[in-house]
Amino acid sequence: MEALLYALLIILTLLIADIFLGLFDEAVLSTLHCMAMDMELNGGYPKYGPPTYHEKMKEVLDDPMFESEREECANYGNPPMGAPPPAREPPMEMSQQPMMVPN
């Protein structure tokens, strides 16, 4: 009986720890996702966030290892050199636009 209680206590402890660490994992992933979007939209450097965050990120991003990522972010949305510009299609006429059908 006592072994069963210890087993139940161990399982409950692992479950609670897994829940809390899972929440921490999601918070970290969300923060990194926001940072990646901020950097992608602002030429490879973050624009938003607290000043201490910018100081630390500047130290990291000024490392030569990240040069290719900065260039990639700076050219986001632009066609590669020598590629023809994307074709511009005329806007759809009213009769061609998809219609919303109520349920």
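Data overview
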{"quantity": "Mean shadow area of the range 2-74, taken as a quarter of the surface of its Cα convex hull (nm²)", "calculated": "6.9"}
{"quantity": "For the range 35-46, Karplus couplings with θ = phi - 60° (6.51, -1.76, 1.60), whole Hz, Gly/Pro x", "calculated": "5, 5, 5, 4, 5, 5, 7, 10, x, x, 10, x"}
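Laboratory data are not the source of any read-out in this text; all were calculated from the coordinates shown. Since the structure is predicted, the reported quantities are computational estimates derived from the model, not experimental observations.
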